[in-house]
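Below is one structure, written out as structure tokens; the observations come after it.
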Amino acid sequence: MQIPPCEQAQDVSLQELETQLRPLFLAALAGDAAAYRLFLDAISVRLRGYLSQMLARAGRTEVSEAEDVLQETLLALHLSRHTYDAASPVTAWAHAIARYKLVDHLRRSGRHAGALPLDDEAHRLAGPEESAAADARFDLSRALDALPERTRRLIDQVKLQGASVADAATAAGMTETAAKVAIHRGLRAMAQFLSKRRRQS
Amino acid sequence: MQTDDLISLMSMDDRPVDTGWLRRATWLAAFAALAATAGLVLLTLGTRPDLASAWTTLPVIAKAAFGASIAAIALVLFQNSLRPGLKPARLLPFIALPLLAAAGWALLTLAQAPAEQWQALIFGRYWRGCLIAVPLYALLPLVVLLLLARRGAPVDRSLTGACAGLASAGLATIAYSLHCPDDTAPFLATWYTIATAIMTALGALILPRFLRW
């Protein structure tokens, strides 16, 4: 079968991406926080490129919008880590989640998803990188505001003041494990807030 | 909140993640739902009077095997449909295998019987009972699978709903075979297939709205 050179190149770079990301993600699943950080940094750069490219095709060029969808996608990736099948490519997994969130975002914001030429090719992920983070609009901050006081303060300390989980936990008078669980619940509540708001609008 | 902050926050979680949980939970939930549904059939309808001697006969085994094979194939698809990036829709044609086997057997039976018996062979005694009971009992496994699906990440919610409907009909078929007194192949191929189709459509239409994430 003849493959056009351009597509072949994209397939190759998707494979490179997979080779780079897969060991990181498998280590992350086993509990390696540093590997998880590297994975999230690498995948968010790719996803930002993918999402802004697809949004631009739908006539949306505001960078803050792509950043919103990116944040929602990252949150979904995080909360769905247990759905990854180790026998399948991690790029395909991440792409499918990003695509779901993108279609949902477009449907929610009034544009019929059918108008967007969404192709199923995960190799879009191997397209242009975009490392310049734009300011998101207020979506995630609003979700953060909706959290219970205690959880919000914990997240604020870790996120803004750069405290370690252990320090933040001591300050809040809880164990480190309890703090991790609380942060995880907070992230879950933020994701639920985002999808609930979507249903209302 | 900046994306970078979000990433820092998420990468603080160094607790290991179990990717096999979803698969184990699916099978466990299916077995539990089957046991509960069978119990419900026994409580509400009771067994067929001759179950003690009939359960080793081909028709009873065939009914249970029909339901079991549909449920097993549908549960594999269902579980895969909760994992983004897999393309379980490609395996959907496999569901046709038990249906075609039952249909083939039914046609063979009809071909060997005189035409005046066809009506009795197809309608049996309690075709309305089967058509009502199987979807009704299937609601229990359907709800169990719905609750489980909410723990996954279904990117194709209609497919997940259809697979849950199929699997629940298969499980209800096994349970109802303890009671169903009609033993002909044309009966099985007609009414159980229709009941399965009803549940599949119901799952595909109703479940997606409960599966948003």
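Observations on the model:
- Remark: the range B:11-21, residue by residue, has Karplus-estimated 3J(HN,Hα) of 7, 7, 7, 10, 7, x, 10, 9, 8, x, 4 Hz, where x stands for each Gly or Pro and the curve is 6.51 cos²θ - 1.76 cosθ + 1.60 at θ = phi - 60°.
- Between A:R108 and B:R125, the FRET efficiency from the beta-carbon distance, with R0 = 41 Å, is close to 0.20.
- Helix-only CD estimate at 222 nm, as mean residue ellipticity for chain B, using -39500 (n - 2.57) per DSSP H run (n ≥ 4): -21500 deg cm²/dmol
- FRET E, pair A:L26, B:L92, Förster distance 35 Å, beta-carbon r, rounded to 0.05: 0.75
- Compared with the dominant principal axis of the Cα atoms in chain B, helix B:96-112 is inclined by about 10°.
- Figure note: B:F94, A:F25 ranked by solvent-accessible area, largest first, 1.4 Å probe, ligands and nucleic acids not counted: B:F94, A:F25.
- Extreme residue, positive dipole direction of the range B:1-136, given options B:L86, B:V134, B:M12 (C-beta unit charges): B:V134
- For the protein assembly as shown, the convex hull spanned by the alpha carbon atoms encloses 181 Å³ per residue.
- Carbon/sulfur fraction of accessible area - chain B, other protein chains in place, 1.4 Å, %: 70 percent
- With Cα atoms, 0 to 90° folded angle of helix B:193-206 axis to chain B main axis: 20 degrees
- For the chain pair A and B, buried accessible area totals roughly 3900 Å², probe 1.4 Å, rounded to the nearest 100.
- Couplings for the range B:176-189, taken from phi via the Karplus curve 6.51 cos²θ - 1.76 cosθ + 1.60 with θ = phi - 60°, read 6, 5, 5, 10, 3, x, 8, 10, 8, 4, x, 4, 4, 5 Hz in order; Gly and Pro are left as x.
- Shape class for the range A:11-67, computed from the alpha carbon gyration tensor (a ≥ b ≥ c): oblate, with a/c not under 1.5 and a/b at or below b/c.
The values are calculated or read from the model by the stated rules, or taken from the named source; none is laboratory data. The structure displayed is predicted, hence computed values, not measured ones. Don't worry about glycine lacking a Cβ; one is built from the backbone with ideal geometry, like all the others, and counts go over all protein chains shown. Please note that ligands, DNA and RNA were not included when accessible areas were found on the heavy atoms of the full protein model with its side chains. Shrake-Rupley method; radii C 1.70, N 1.55, O 1.52, S 1.80 Å.
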